[in-house]
Amino acid sequence: MSLPTRKIGKDSVTAIGYEAMGISAFYGKTLPDEERFKFLDTLYESGCTNWDTANVYLDSEELIGRRFPGQTSPDDFEEGDFRRVVPRYSKENFPNILKLADGLKAIGERHGATAGQIALAWLLCQGEDVIPIPGTTKVKNLQENLGAASIELTQDEIVEIRALAEKSDAVQGARYPPGMDDYLCLDTPPLQR
């Protein structure tokens, strides 16, 4: 189905959108996930691209995230995204990365946290000399990253995460594209007084 569109900033969205509040709350009893997934599939197939979500809508964002899990291939990264040229994000290795992400997500559900927060929390458990420095351009992701410092993993979870990482075999391919090694691990110039 082809729906008419309008502009929000530079983006074209369908002229009529969808408010996701009702899929999770406020419109009577919440339906089982399978029925809600069928509804989301129908919504997606309709061509509607303007979906409104918010934390106050209870699990609407998580539900949509589970139904449409995001990147499934390095081709899903935007044009110009650095990860498109990093060998570790190759099409051959991407399924291994997703396997690790799924395992971290499952642990995150125990803590009400995201997979990324669990990864950062695990790094913090590796010792006082490990200081993660994740980058982002989105305020929501910044807050999520900083929130990882308050997650307390059990010793069993720390071991479980290392086993997940080893089993996923996600560390294949170089970490950086060819030629970038020349700019890494350089000595800091002496301080000039």
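The values are calculated or read from the model by the stated rules, or taken from the named source; none is laboratory data. These figures come from a predicted structure and were not determined experimentally. Counting neighbours? That spans all protein chains shown, and the Cβs are built from the backbone with ideal geometry, glycine included.
Does the range 118-146 hold any residues that are surrounded by 14 or more Cβ atoms within 10 Å (Cβ to Cβ) and farther than 23 Å from ARG83 by Cβ, and which are they?
Correct list: LEU124, CYS125.
Return only the number of the condition from (1) under 17 Å from ASN141 (Cβ atoms); (2) over 16 Å from the mean Cα position of the chain (by Cα) that ALA115 does not satisfy.
So ALA115 meets the others, but not (2).
Of all residues in the range 92-148, how many are assigned to a helix (DSSP H, G or I), under 16 Å from GLU62 (Cβ atoms), among the hydrophobic types (A, V, I, L, M, F, W, C) and in contact (Cβ under 8 Å) with a residue 12 or more places away in the chain?
So the count comes out to 5.
Mind counting the residues in the range 149-175 that are in contact (Cβ under 8 Å) with a residue 60 or more places away in the chain, of a type outside the set (Val, Ile, Thr) and part of a loop (DSSP other than H, G, I, E, B)?
Final tally of qualifying residues: 6.
Of the residues LYS29, LYS38, which is surrounded by 12 or more Cβ atoms within 10 Å (Cβ to Cβ) and either touching a Phe, Trp or Tyr at 6+ places or on another chain (Cβ under 9 Å) or among the charged types (D, E, K, R) (or both)? I'd like the intermediate steps shown before the answer.
Values: LYS29 fails: surrounded by 12 or more Cβ atoms within 10 Å (Cβ to Cβ).
Sole residue among the options that is surrounded by 12 or more Cβ atoms within 10 Å (Cβ to Cβ) and either touching a Phe, Trp or Tyr at 6+ places or on another chain (Cβ under 9 Å) or among the charged types (D, E, K, R) (or both): LYS38.
Restricting attention to the range 13-41, and to residues there that are among the hydroxyl-bearing types (Ser, Thr, Tyr) and more than 24 Å from the chain's Cα centre (by Cα), which single residue is nearest to ARG66 (Cα to Cα)?
THR30
When both residues are 6+ apart or on different chains and their Cβ atoms are under 9 Å apart, which pairs have a first residue that lies in the range 10-29 and is part of a helix (DSSP H, G or I), and a second that is of a type in the set (Gly, Ala, Ser)?
ALA20/ALA54; ALA20/SER60; MET21/ALA54; MET21/SER60; GLY22/GLY28; GLY22/SER60; ILE23/SER60
From the set of residues in the range 167-193 that are loosely packed, with under 11 Cβ neighbours inside 10 Å and charged (D, E, K, R), which is farthest from the chain's Cα centre (by Cα)?
Once the filter is applied, the top-ranked residue is ARG193.
Out of the residues in the range 60-91 meeting the condition of being assigned to a helix (DSSP H, G or I) and of a type in the set (Asp, Glu), tell me which one is farthest from PHE37 (Cα to Cα).
In the first step, residues of the range 60-91 are kept if they are assigned to a helix (DSSP H, G or I); the result is 60-67, 74-76, 82-85, 87-89.
With of a type in the set (Asp, Glu) added as a condition, the list becomes 61-62, 75-76.
Details: GLU61: 12, GLU62: 12, ASP75: 25, ASP76: 22 Å.
Checked the range 60-91; the qualifying residue farthest from PHE37 (Cα to Cα) is ASP75.
Just to check your reading of the model, which residue among LEU153, LEU164, LEU100 is surrounded by 14 or more Cβ atoms within 10 Å (Cβ to Cβ), within 15 Å of the chain's Cα centre (by Cα) and of a type outside the set (Ser, Thr, Tyr)?
Of the residues listed, the single one that is surrounded by 14 or more Cβ atoms within 10 Å (Cβ to Cβ), within 15 Å of the chain's Cα centre (by Cα) and of a type outside the set (Ser, Thr, Tyr) is LEU100.
Go through the range 47-59 and give me each residue that's out of contact with any Gly (no Cβ under 7 Å at 6 or more places or on another chain), surrounded by fewer than 14 Cβ atoms within 10 Å (Cβ to Cβ) and either assigned to a loop (DSSP other than H, G, I, E, B) or modelled with pLDDT of 85 or more (or both).
Scanning the range 47-59 gives GLY47, ALA54.
If GLU78 satisfies all but one of (1) closer than 22 Å to GLU166 by Cβ; (2) exposed (fewer than 13 other Cβ atoms within 10 Å of the Cβ), what's the number of the condition it fails?
(1)
Would you call LEU3 touching a Cys at 6+ places or on another chain (Cβ under 7 Å), touching a residue at least 40 places away in the same chain (Cβ under 8 Å) and surrounded by 12 or more Cβ atoms within 10 Å (Cβ to Cβ)?
yes
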